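One structure is given here, and the rest of the page talks about it.
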Amino acid sequence: MLIHIMFNHLKKYIESDQFDKVSAAAAFSFGILGIIYLFSKSIFADWQDIDFLHIWLAGHAWAEGISPYSKEYIELGNLIFDPSNPQPDYYPFNGQAFFYPPGMWFLSRFFAFFEYNTAVEIWRWFSVFMIFASSLILKEGLAKINVKISWPTIVFYTGLVSIMQSTVLTFVLGQTSILIYLGVCIVIFSVLSRNNFLLALGLFIVLLKPNVGAGLFIALIPFGQYRKALFITCILTFLMYIPPTIQFGMIKSIQAYISGTMGHGDFIANHPELTTGIRNILFHVTDIEIASSIALLITVLVIWTALTLCKKSGLNLEGEKAAEMKLFLLTVTLSMIACLAPLHTYDLIFIAPVILLSQKFDKASKAALFVSFLIIARSQNISLTTGIFYPPYPNLWSGGEIATLAALFNAVLIFTVLKRYLRKNNYRP
């Protein structure tokens, strides 16, 4: 009896305006704390750069008339970042090829105008700006389909992104994950608002990391209304590839780039046990190491097949329920990329928008997706604390398996919700 009375009082309080005000204040406060944490781990932290130096070095190489996909690039890296003369600002050059496509030319050349140390600082400040810009883009994108996101909620969401280990690792390593996250948010905005040119720009950005971008590009192919945007993306990519490849030959440059990426798995940081997706899980189950290129091919084939079947089952992006259908498309695509593609845990910032994109899902599904996001957000902590899937390599990231399984749970849950939604609304192929 007492429990029943307490439950009724709690229910009334939850439904009251006072609870809404307290919740909003708590969400806003948490978001601010998360943002403070972000600054403490990014701008005001003294990290040794690891990966950004490759972007800066590629721009320097292009300026010197050297292809970053050549042996001369590696020689230049050994000369500028002399491994025998370590510096406090960066780890020694590890001799790896430049793994980004020629489209990175514009960013690389821009940063090469500055001294290396100055360029690193600009990159970190720009990354912080991109986190805030991405939140605003998502808010405006959802407003296009009449999903209103309050300011306390968007601040809370930004705080969540700020405390993700993916975000912190991006700053530690000097990675491009936040740039790709911005591209994903532009894609989301464009899909929801049907802006072909912005969609092409967003896809161009995410294709700078093909292991993420290829999945998003392929996911849109079954849906006719995006073919114009996909065509524009191809034209834009071709035009953007001209400046960095014209002096070396576009075909030869692309061949050299692809050849260089074939050695991606030769570095210990790219061992299957330290990555995510099907490559990681297959290694644990069978001890078989497959190349990242094979894992990416499997990823795009699975995504294309799954969404083609969804379309045939009633996933219609142009009907009266187009808004809900687009949310299903985006959430399931991001989840499939996260659980299949050969990535690292620091790449998984792009899964964060699923929290906001699930606003029209039922409460139980939203809660489950939120818990899954928290697991992905701190997968390395979980791995370190529990010893689950902790790789035998010191000073390298762990938790790829945990993040992969959580993303797989996301994908299965969203497919289940979609199937139930189609059946409930009597959708027929």
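The values are calculated or read from the model by the stated rules, or taken from the named source; none is laboratory data. Computed from a predicted model, the values in this text were never measured in an experiment. Neighbour counts are summed over all protein chains in view; Cβ atoms, including those assigned to glycine, are modelled from backbone coordinates with ideal geometry.
Tabulated data for the structure shown
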{"item": "Residue within the stretch 387-398 that is β-branched (Val, Ile, Thr) and buried (at least 24 other Cβ atoms within 10 Å of the Cβ) present", "result": "no"}
{"item": "Spans of helices (runs of 4 or more DSSP H) in the stretch 106-203 with at least 1 residues touching a strand residue (DSSP E or B) at 6+ places or on another chain (Cβ under 9 Å)", "result": "116-143, 165-173"}
{"item": "Tally, over the stretch 137-163, of residues that are hydrophobic (A, V, I, L, M, F, W, C) and under 15 Å from residue 354 (Cα atoms)", "result": "9"}
{"item": "Output for the stretch 188-210, where each listed residue is in contact (Cβ under 8 Å) with a residue 60 or more places away in the chain and over 12 Å from the mean Cα position of the chain (by Cα)", "result": "188, 191, 192, 204"}
{"item": "Identity of the residue in the stretch 78-108, polar (S, T, N, Q) and farther than 21 Å from residue 172 by Cβ, that ends up modelled with the highest pLDDT", "result": "78"}
{"item": "Pair list, Cβ < 9 Å and 6+ apart or interchain, from the stretch 303-315 residues that are under 19 Å from residue 425 (Cβ atoms) and touching a residue at least 12 places away in the same chain (Cβ under 8 Å) to residues that are assigned to a loop (DSSP other than H, G, I, E, B) and hydroxyl-bearing (Ser, Thr, Tyr)", "result": "313/427; 314/427; 315/427"}
{"item": "Residue ID - surrounded by the fewest Cβ atoms within 10 Å (Cβ to Cβ), chosen from residues in the stretch 273-298 that are in contact (Cβ under 8 Å) with a residue 24 or more places away in the chain and of a type in the set (S, T, N, Q)", "result": "293"}
{"item": "Given (1) within 20 Å of the chain's Cα centre (by Cα); (2) at positive phi, index of the condition residue 130 fails", "result": "(2)"}
{"item": "Total residues in the stretch 1-47, condition closer than 23 Å to residue 117 by Cα and either surrounded by fewer than 10 Cβ atoms within 10 Å (Cβ to Cβ) or modelled with pLDDT under 75 (or both)", "result": "5"}
{"item": "Residue 134 vs. criteria polar (S, T, N, Q), more than 30 Å from residue 195 (Cβ to Cβ), in contact with a Ser or Thr (Cβ under 9 Å, 6 or more places away or on another chain) and assigned by TED's automatic domain parsing to the domain that holds residue 213", "result": "no"}
{"item": "All positions within the stretch 330-348 that are of a type in the set (S, T, N, Q), at pLDDT 95 or above and over 18 Å from residue 142 (Cα atoms)", "result": "335"}
{"item": "Scope the stretch 366-381; condition over 16 Å from the mean Cα position of the chain (by Cα), under 20 Å from residue 38 (Cα atoms) and surrounded by 21 or more Cβ atoms within 10 Å (Cβ to Cβ); matching residues", "result": "380"}
{"item": "Within the stretch 216-239, considering residues that are small (Gly, Ala, Ser) and modelled with pLDDT of 95 or more, the one nearest to residue 309 (Cα to Cα)", "result": "219"}
{"item": "Subset of the stretch 307-318 (residues that are in a loop (DSSP other than H, G, I, E, B) and in contact with a Pro (Cβ under 7 Å, 6 or more places away or on another chain))", "result": "313, 314"}
{"item": "Which listed residue, of 415, 409, is at pLDDT 95 or above and either in the same structural domain as residue 193 (by TED's automatic domain parsing) or part of a helix (DSSP H, G or I) (or both)", "result": "409"}
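Here's the yes/no breakdown for (1) surrounded by 24 or more Cβ atoms within 10 Å (Cβ to Cβ); (2) under 25 Å from residue 317 (Cβ atoms); (3) at pLDDT 95 or above; (4) over 20 Å from the mean Cα position of the chain (by Cα):
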site	(1), (2), (3), (4)
350	yes, yes, yes, no
360	no, yes, no, yes
364	no, no, no, yes
428	no, yes, no, yes
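Conditions tested, residue by residue: (1) more than 22 Å from residue 302 (Cα to Cα); (2) among the hydroxyl-bearing types (Ser, Thr, Tyr).
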{"residue": "169", "(1), (2)": "yes, no"}
{"residue": "177", "(1), (2)": "yes, yes"}
{"residue": "185", "(1), (2)": "yes, no"}
{"residue": "197", "(1), (2)": "yes, no"}
{"residue": "210", "(1), (2)": "no, no"}
{"residue": "216", "(1), (2)": "no, no"}
{"residue": "248", "(1), (2)": "yes, no"}
{"residue": "253", "(1), (2)": "yes, yes"}
